[in-house]
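In what follows, a single structure is set out as structure tokens and then discussed.
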Amino acid sequence: MAVGNRKKIGQILISSGDITTDQLKTALGMAKGAGKRIGEMLVEAGMCEEDAVAKALAKQFSMRYIDLSDQEVVDRIDIASLPKDLVRKHMILPLGKENGKVQVIIHDPRNIELIDMVQFRLSAKVEPSIASRSSIKAIIDAKLGGADGGGGSGLSRESLISASIDKSLDKSVDRSVDSSIDQAAESAPIIRLVEKIVVEAVTGRASDIHVEPMADRVRLRYRIDGVCVERDNLPKRMQNAVLARFKLMSNMNIAEKRVPQDGRIKMPVPQEDGTTQNVDFRVSACPAYHGESMVLRILRPDSVRIGLVNLGFEQDYLGIFNRIIRRPNGIFLVTGPTGSGKTTTLYSALDVLNRPDKKIITAEDPIEYAFTGINQCQVREGIGLTFSNILRAMLRQAPNIILVGEIRDKEVGEVAIQAALTGHLVFSTLHTNDAPSAMTRLTDMGIKPFLVASSIQAVLAQRLIRILDHKTKQPDDNPDPKFLRLVGITPEDRARNTIYKAVPTADNPGYKGRQGIFELMEMNAELRDLAFKCAPLNRLREAALAGGMRPLLGDGKLKILKGTTTPAEIARVAQVAGVTMGADESEEQEEAEIEASSA
């Protein structure tokens with residue numbers, strides 16, 4: 001079929017009944033914002049099954065679709081007939097010979113160079129067929145032993161010690177650290193262990209690695225989708241050597257164990273497609289009772305370039321957000337606790353605004369992600385390079401947009417407000433529970449109410465929720481009425497929508513990835529007047545709700561009704577805005593949290 005006559009994949013999926021026209025329009029907008037292909041976006045958004053997209057691609061390119069759930073087909077696959085590096089890197093499977101041609105299963109028919117390269121490597125004609133990428137990967141992992149041996153979480157159940165450390169390792173390793181950290185990587189067992197920990201955490205979608213010394217062991221945990229998962233217990237005798245190796249990699253003082261230290265690691269990490277990617281880690285060591293506790297924050301540059309649509313904004317909030325960040329001046333605040341995605345939201349906004357005609361300067365502590373085209377300044381309190389000093393210097397640099405990592409005190413707040421009032425657009429973060437609280441927090445710092453009222457353009461409060469794995473989620477015919485009542489889901493809502501539940505397995509908690517829930521308060525005349533008069537928080541909140549602000553629980557409710565998450569997840573995360581639970585409900589939620597964290 002000629003390229004010009006090919007039917008578009010969206011049209012094929014509509015005609016087959018796999019998606020609707022509205023879903024296609026929504027996915028097209030999301031794909032454009034995220035720079036992804038439409039098929040990939042449909043699967044990622046949970047609008048369509050991956051196998052349906054693979055079938056549509058096969059139809060579009062007039063190729064044969066292979067169902068890899070058919071055991072007879074799987075038995076025909078002779079994976080040893082292709083070089084392992086080719087199979088792993090390009091996700092292809094050999095299906096034997098037919099009519100003098102090598103039958104190869106691929107997942108991307110647009111990759112013409114791959115077919116040419118396979119023909120060159122095999123010195124034979126190749127006839128490609130199509131299957132979904134995940135089904136191909138599952139076969140490869142089953143036959144070759146995958147890096148992602150733990151299913152949805154990407155974690156193997158196998159002990160790290162048995163996989164990486166020779167059990168005959170000398171028991172005096174903690175007394176002779178140098179002998180373990182100075183050897184070549186291929187021979188030093190501690191180096192191999194640390195490398196495996198790092199690689200496994202990155203490929204398993206972890207955001208943090210926690211190394212926590214206990215009385216008789218060293219607990220290793222990964223934080224995945226905001227929930228800590230215990231991975232392994234390392235022998236106590238390895239404690240000093242493992243911590244020393246992490247310190248050495250992050251340029252910390254190995255001999256200093258009495259005071260907190262911070263460092264950074266940048267190292268290449270193998271990816272699923274066989275390539276390597278340089279990943280940054282922010283490392284923190286803190287003295288504790290049984291030894292130094294160490295946390296490695298995994299910094300993924302792609303996580304702050306996912307596009308505004310993929311942050312989780314509903315359409316109405318997305319329109320308001322886009323309008324606010326394009327204003328010429330004023331302050332836009334993002335609030336929430338640590339780990340609620342504030343940095344990701346602000347960087348995503350800067351990524352949209354980062355154009356040659358705009359000068360953007362940031363003051364951060366620390367700089368987590370390096371952006372091309374943005375002037376980023378690192379706070380260094382020890383030499384007097386504070387937020388306020390950097391801000392004053394920034395104003396002499398004639399910027400259009402300023403990002404202040406956090407408004408921590410009156411001095412920083414006043415300089416940021418002066419910048420906003422003199423024609424700059426200022427982004428910053430604040431630690432408050434909800435959006436209206438930002439007004440009272442700033443005045444509590446000692447900033448004059450009239451400055452707060454006149455400079456703030458909008459406040460966004462947010463939390464991160466886990467989203468359901470669309471491959472395993474199931475309709476919940478009997479959802480817990482306590483959670484439904486808490487998030488405001490009525491019988492009428494249930495009659496019109498399907499509520500889903502997570503289906504955990506041994507290696508998959510039933511959730512995959514996270515999105516934000518938001519509370520966006522855009523300032524109006526009434527809110528400015530209340531802020532000027534130092535009105536109490538409940539008055540500010542009532543006025544914000546009357547002005548169109550949707551609370552966090554309300555935004556969470558929309559995501560439940562869309563099948564994105566569960567009532568229990570929203571109840572776990574969005575305990576704010578004056579919503580309280582009785583003793584029974586609180587106990588139920590605690591049990592739900594324990595189950596989620598242990599899944």
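No value in this document is a laboratory result; all are computed from the given coordinates. Values in this document were obtained by computation on a predicted structure and should not be read as measured data. Ideal geometry is used to build each Cβ from the backbone, glycine not excepted, and the neighbour counts take in all protein chains shown.
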Just the projected area, averaged over all directions, of the convex hull on the alpha carbon atoms of the stretch 413-517: how many nm²?
10.5
Calc'd 3J(HN,Hα), the stretch 539-549, phi into Karplus 6.51 cos²θ - 1.76 cosθ + 1.60 (θ = phi - 60°), Hz, glycine/Pro = x, comes to 5, 4, 5, 4, 5, 5, 5, 5, x, x, 6
Mean ellipticity per residue at 222 nm, deg cm²/dmol - from DSSP H runs of n ≥ 4 across the chain, formula -39500 (n - 2.57):
-11000 deg cm²/dmol
Taking R0 as 25 Å, what's the FRET efficiency between Arg64 and Lys84 from their Cβ-Cβ distance, rounded to 0.05?
0.50
Determine the percent antiparallel among the DSSP beta bridges restricted to the stretch 310-466, to the nearest 5.
5
Based only on other Cβ atoms within 10 Å, what is the fewest-to-most ordering of Glu542, Glu292, Glu414?
Glu542, Glu414, Glu292
Here FRET efficiency (C-beta to C-beta, Arg217 to Leu144, R₀ 56 Å, nearest 0.05) is 0.95
Can you list the HN-Hα couplings for the stretch 117-128, worked out from phi with the Karplus curve (6.51, -1.76, 1.60; θ = phi - 60°), rounded to whole Hz and with x for Gly and Pro?
5, 5, 4, 5, 5, 9, 6, 8, 5, 10, 10, x
Each label point is 7 Å from the Cα along the Cα-to-Cβ direction; what then is the distance between the points at Arg326 and Asp302, in nm?
2.9
How far apart, in nanometres, would the label points at Lys471 and Thr490 be if each is projected 7 angstrom from Cα along the Cα-to-Cβ direction?
3.9
What do you get for Rg/Rh over the stretch 304-598 if you use C-alpha atoms and the Kirkwood form of Rh?
1.00
Any chance you could list the semi-axes, whole Å, largest first, of the equivalent ellipsoid that the Cα gyration tensor gives for the stretch 495-536, using √(5λ)?
43, 15, 9
Over the chain, what relative contact order in percent results from Cα pairs under 8 Å that are six or more residues apart?
9
Using the Kirkwood radius over Cα pairs of the stretch 3-144, the Stokes-Einstein translational diffusion coefficient at 10 °C and 1.306 mPa s, in µm²/s and rounded to a whole number, is 99
Length gained, Ala546-Thr275, 0.36 nm per residue minus C-alpha separation, equals 92.3 nm
Residues Lys97 and Glu72, FRET efficiency given R0 of 25 Å [Cβ-Cβ distance, rounded to 0.05]
0.90
Per-residue HN-Hα couplings for the stretch 286-292, Karplus 6.51 cos²θ - 1.76 cosθ + 1.60 at θ = phi - 60°, whole Hz, x for Gly and Pro?
10, x, 9, 4, 9, x, 6
With N residues in the chain, Rg(alpha-carbon) / (2.2 N^0.38 Å) equals 1.06
Give me Thr203, Thr566, Thr21 sorted ascending by neighbouring Cβ count inside 10 Å, so fewest comes first.
Thr21, Thr203, Thr566
Rounded Å value of the spacing that divides the Cα centres of the stretch 239-313 and the stretch 409-458:
32
Can you give me the relative contact order of the stretch 304-598 as a percent, contacts being Cα pairs under 8 Å and 6 or more apart?
20
DSSP-defined antiparallel bridges as percent of all bridges, the chain, nearest 5:
65
Taking the Cα centre of each part, how many Å lie between the stretch 360-383 and the stretch 26-87?
41
Projected label distance in nm at Met117 and Asn233, using a 7 Å step from Cα toward the beta-carbon:
4.5
Between Asn251 and Arg6, what length comes free when the chain is fully extended (0.36 nm per residue of separation minus the Cα-Cα distance, one decimal in nm)?
82.6 nm
In the stretch 304-598 the DSSP beta bridges are antiparallel at a rate, in percent to nearest 5, of 40
How large is the translational diffusion coefficient of the stretch 335-415 in µm² per second when you combine the Kirkwood radius over alpha carbon pairs with Stokes-Einstein at 25 °C and 0.890 mPa s?
184
